[in-house]
Amino acid sequence: MQKIINNKLGKTVLILLSTVSLLSIAACGTGETEARKVIEQSGKKITVMDNTTQSVYTKLKLTSIDKLEGVRGMDWVSEDMLVVDKENKEQTPVTVEGQQRYPHNFYLRDLASGKETPLKEGEQSLGFALLSPDKKHVFYKEVYEATGIGYIMDMETGVSVKTGDAEFMTTEGEWADNEHVIFPNMEGNIVRADVTGKSEIAVKTGVGYVHNVVQAGSIIYYIAHEDSQLIAYDTGTKQSEVIAKGVMWAIPSPDGAKLALVKRTAPTEMTLSLCDTAGNELSTLASGTQVFGTSWSPDGSKIAYTTTSENGNENRLFITEVETGEQTPISNDMQASDKLRWSPSGKKLLTSTSVLKDNAYQFMAYVITLS
């Protein structure tokens, strides 16, 4: 593991999933800069945070950024243990477009020692592992290009069960609670599966393709239709309500009281805003050609996200204090290809991208430590 502190690695090129990106890192500066303004919108006052290169306040500081070569960081098992995805070169490779490709399997990575131990190996490529809130189970997919079959594995026994026989998009699926996952199938319905493998249709949306399915308490949120409607389905009343349009991603806070919404506001602009559960905008945190990786800290006090400038040359990672609007730029040149994931303590962040090495692209994971 190579440690990087206040060090640039080069220029970044963003690409998600089927494409790849080069990642460069630069640590943040210090100082105090007022970066808030209040505007009137539809008769309501909205606080807008500018993306400055200096911290609004310096309560939150970058300690280090650690680089893990050749692996894709999946999720935190504990404060010092990760589930990572990497090639298993002990398996037989397949040739794709003239290149040999090995299956991707899961390993446990000890951050202190750098040692990796197998978690789930085999000839089939695996991906998109996500730990349950209590860390007792892992939800993952057997990957077939953009789709896959879902599985839930018991972390203690290593036994896996299918969440169903039908394929769905590999980027979909979240834990609804410690015992259940939810995801949309290819027919546009929302499936709920438990840790024993039992599954059922939780919501018959009737709208065709839906995506970004997440649950907070009794409410299931999903995005549908050409105008990217954010729909809230109440599992108690069985009623659905459109609460916003033009939404790319919706990320509920840990307590379910707020939503972080990434919206497409113009052909070359996205904005990140805070809303209540009815979709009413409370504040705008950021804007850029792209806004990615948005993630709430475990206690719901902070939001981490990355933005990309219109020319694509500036890729910034920020953390914002939700209540005060205090904004800390962690890196002025970083783009997360994957969602940012907080450690259980809220003192570390995990993200991954792809980098060019020896004329080939490989995954690279980054562990960001804060103080």
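Which percent, nearest 5, of DSSP beta bridges in the stretch 246-336 are antiparallel?
Given both bridge residues lie in the stretch 246-336, the antiparallel proportion sits at roughly 95 percent.
Between GLU79 and LYS238, what FRET efficiency comes out of the Förster formula 1/(1 + (r/R0)^6) with R0 = 51 Å and r the beta carbon distance, rounded to 0.05?
0.80
How much net charge surrounds THR308 when only the other residues with a Cβ under 9 Å from the Cβ of THR308 are counted, with Lys and Arg +1 and Asp and Glu -1?
Surrounding charge for THR308 is -1.
In terms of the Cα gyration tensor, with a ≥ b ≥ c the square roots of its eigenvalues, is the stretch 206-274 rounded because a/c is under 1.5, prolate because a/b exceeds b/c, or oblate?
Verdict is oblate for the stretch 206-274.
Shape of the stretch 103-183 from its Cα gyration tensor (a ≥ b ≥ c, root eigenvalues): rounded if a/c is under 1.5, otherwise prolate when a/b > b/c, or oblate?
oblate
State the Kirkwood hydrodynamic radius of the stretch 246-336 in Å, one decimal place, computed from all pairs of distinct Cα atoms.
With all distinct Cα pairs of the stretch 246-336 included, I get 13.0 Å.
State, as an integer percentage, the relative contact order of the stretch 246-336 based on alpha-carbon contacts under 8 Å between residues 6 or more apart.
Taking the mean separation of contacting Cα pairs over the length of the stretch 246-336, I get 18 percent.
Using a cut-off of 12 Å between beta-carbons, work out the net charge of the residues near GLY217 (Lys and Arg +1, Asp and Glu -1, GLY217 not included).
Around GLY217, the charge tally is -3.
Let me check against my output: what whole-number percent is the relative contact order of the stretch 172-212, with C-alpha pairs under 8 Å and at least 6 apart?
Over the stretch 172-212, the number comes to 34 percent.
Which order do the peptides 193-201, 337-345 come out in when sorted by mean C-beta neighbours inside 10 angstrom, highest first?
My ranking of the peptides, most packed first, is 337-345, 193-201.
Rank these by accessible area, largest first, 1.4 Å probe: GLU69, GLU172, GLU145.
In descending accessible area the options line up as GLU145, GLU69, GLU172.
Per-residue counts of other Cβ atoms within 10 Å, averaged by peptide: what ranking do you get for 281-292, 156-167, highest first?
Going from most to least packed, we get 281-292, 156-167.
Length gain on complete extension for the stretch THR63 to GLU121, per 0.36 nm per residue less the alpha carbon to alpha carbon distance?
So the chain would gain 17.5 nm between THR63 and GLU121.
Return the whole-Å distance between the Cα centroid of the stretch 341-371 and the Cα centroid of the stretch 69-114.
13 Å
Counting Lys +1, Arg +1, Asp -1, Glu -1, what net charge surrounds THR163 among other residues with beta carbon under 13 Å of its beta carbon?
Value of the local net charge: -4.
Given a Förster radius of 41 Å and the C-beta distance between TYR361 and ALA166 as r, what FRET efficiency does 1/(1 + (r/R0)^6) yield to the nearest 0.05?
0.85
The values are calculated or read from the model by the stated rules, or taken from the named source; none is laboratory data. Note that the coordinates shown come from a computational prediction; the quantities given were computed from them, not determined experimentally. Quick reminder, even Gly has a Cβ in these numbers, built from the backbone with ideal geometry, and neighbours come from all protein chains shown. Ligands, DNA and RNA are stripped out before the accessible areas are found, and what is left, the full protein with its side chains, is counted by its heavy atoms. Shrake-Rupley method; radii C 1.70, N 1.55, O 1.52, S 1.80 Å.
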